[in-house]
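Asks: Before I ask anything, let me first share the structure, which is written out below as structure tokens.
The values are calculated or read from the model by the stated rules, or taken from the named source; none is laboratory data. Only a predicted model underlies this, so the values are computations on that prediction, with no experimental measurement involved. Methodologically, a virtual Cβ is constructed for each residue, glycine included, from the backbone with ideal geometry; neighbour enumeration extends over all protein chains shown. Heavy atoms of the whole protein, side chains included, go into the accessibility calculation; ligands, DNA and RNA do not. Shrake-Rupley method; radii C 1.70, N 1.55, O 1.52, S 1.80 Å.
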Amino acid sequence: MDAVETTTPTRKNLIGLSRAALGEEIAALGEKPFRAKQLWHWIYHRGETDFAAMTTLAKSFREKLTEHFVLDRPDVARHQVSEDRTQKWLLRTEGGHLIESVHIPEEDRGALCISSQVGCTLTCTFCHTGTQRLVRNLEPGEIVGQFMLARDALGEWPTPTDGGRMLSNIVMMGMGEPLYNFENVKTALKIVMDEEGIALSRRRITLSTSGVVPMIQRCGDELKVDLAVSLHAVTDEIRNRLVPLNKKHPIEELLAACRAYPGASNARRITFEYVMLKDVNDSDADARALVALLQGIPAKVNLIPFNAWPGAPYECSSNNRIHAFARIVNDGGLSAPVRRPRGRDIFAACGQLKSDTVKKRKSELLKEQAAGAAA
Ligand code: SAH
Ligand code: SF4
């Protein structure tokens, strides 16, 4: 084995270390604290990946950094661009697990949908991620890494100050339940919000939870980001079926936590996500009950057409039904846009963050078997 291969694995990735942790690494190299600040700027404002190019740092310091550290992005197993310019990255994490992030562009901005876990321990019956058995929390570096990779691809380093960025927002709506991996999500989002680096405003970050009630207050106090809640039903009976976590934290308890969410106001409403499932939760009566339930909460509703996956036990409501439902919610005084499906041709939609991967693995397996049989 040559020298490069034996030294590379010992170098630590600095992406995902909090400012304090980065400071400790720099101090351990015998450097002054202000060097950590300069380095932070190179990593998170400039997006530089090569220590040698960090020209404001002394050459000897750059050499030490190169010797000990790397600034690695996650490994891309597959990158796809949809007809509507939605991009999806399938990423291979350490240990070989696959996660995904999706960039959804709008005219003059765009959101990155970020994963917080490999799979999900919760088992919402309409969600494909919930059928994945294997689960592990993503490390802060793997969470920030998704953002950095997308920004590399969009060519938006150094952090633009004029506002016109295509990667302007983050939604924590990919694989996993972010409030079950709160510490790592917090470290990652604090890095993204740090004013001397990426400097994304907390108002441009939305965290979606299926209703981990005991963590909602901390999310508001410590991260102050916008909250989205996967409500999906207006009675405990139906919600227990769709979101089994409801048995532990029923609707009333969940809505009480929303009422108390720090920072929620009419200007910063809580989004209630509602997946439209044919004959399950989509009647006029459900729509009226939803309006009644959300009384007194600074709320908006996001209606999500169900994305069917192979073997899913539900169907999506018809367009007419979705729009009739939306009208009732609107008439009740709540904004209720219907989420537009994006990236359909590359399976980039929520709840499909696994199907394509599984299919591909299967076809690879078949190919391997065929090759084996031929040999
Ligand atoms: N675990 C968190 C965040 C990830 S899921 C949560 O549940 O909120 C992001 C959103 O996609 C949630 O509102 C979830 O209910 C929704 N979703 C999951 N599977 C879906 C599917 N097949 N069709 C439409 N929406 C889905
Ligand atoms: Fe997990 Fe969210 Fe899917 Fe439920 S909807 S299984 S909480 S990722």
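Asks: Search region 16-51 for residues being among the small types (Gly, Ala, Ser) and touching a residue at least 12 places away in the same chain (Cβ under 8 Å), and hand back the single one that is surrounded by the fewest Cβ atoms within 10 Å (Cβ to Cβ).
Replies: Among them, the one singled out is Ser18.
Asks: For Leu134, only one of the following conditions fails: (1) within 9 Å of ligand 2 (Cβ to nearest atom); (2) outside any helix (DSSP H, G or I). What is its number?
Replies: (1)
Asks: When the residues of region 121-161 are filtered to those that are of a type in the set (Ser, Thr, Tyr) and away from ligand 1 (no atom under 16 Å from the Cβ), which remaining residue is nearest to Lys88 (Cα to Cα)?
Replies: Thr159
Asks: Something else: Taking the options Leu91, Leu22, Leu29, Leu39, name whichever one is aliphatic (A, V, I, L, M) and assigned by TED's automatic domain parsing to the domain that holds Met193.
Replies: Of Leu91, Leu22, Leu29, Leu39, the one residue that is aliphatic (A, V, I, L, M) and assigned by TED's automatic domain parsing to the domain that holds Met193 is Leu91.
Asks: Something else: Looking at Arg151, is it open to solvent by less than 30 Å² (accessible area, probe 1.4 Å) and either in contact (Cβ under 8 Å) with a residue 60 or more places away in the chain or part of a helix (DSSP H, G or I) (or both)?
Replies: Spelling it out, Arg151 is indeed open to solvent by less than 30 Å² (accessible area, probe 1.4 Å) and either in contact (Cβ under 8 Å) with a residue 60 or more places away in the chain or part of a helix (DSSP H, G or I) (or both).
Asks: How many of the residues making up region 91-103 are open to solvent by 20 Å² or more (accessible area, probe 1.4 Å), in contact with a helix residue (DSSP H, G or I) (Cβ under 9 Å, 6 or more places away or on another chain) and in a strand (DSSP E or B)? Let's see the steps before the verdict.
Replies: Let us first name the residues in region 91-103 that are open to solvent by 20 Å² or more (accessible area, probe 1.4 Å), namely 92, 94-98.
Filter again for in contact with a helix residue (DSSP H, G or I) (Cβ under 9 Å, 6 or more places away or on another chain), leaving 94, 98.
This time we only want the ones that are in a strand (DSSP E or B), so: 98.
Going through region 91-103 one residue at a time, the tally reaches 1.
Asks: So which residues in region 272-306 are among the hydroxyl-bearing types (Ser, Thr, Tyr) and open to solvent by 20 Å² or more (accessible area, probe 1.4 Å)?
Replies: Matches in region 272-306: Ser283 only.
Asks: I would also like to ask the following. Select from region 270-309 the residues that are in a loop (DSSP other than H, G, I, E, B) and either more than 16 Å from ligand 2 (Cβ to nearest atom) or outside the structural domain of Ala257 (by TED's automatic domain parsing) (or both) and list them in ascending order.
Replies: Lys278, Asp279, Asp282, Ser283, Leu294, Gln295, Gly296, Ile297, Pro298
Asks: Test Ala111 against the stated conditions and say whether it is within 26 Å of Leu179 (Cα to Cα), aliphatic (A, V, I, L, M) and surrounded by fewer than 16 Cβ atoms within 10 Å (Cβ to Cβ).
Replies: Here the answer is no, as Ala111 does not meet what is asked.
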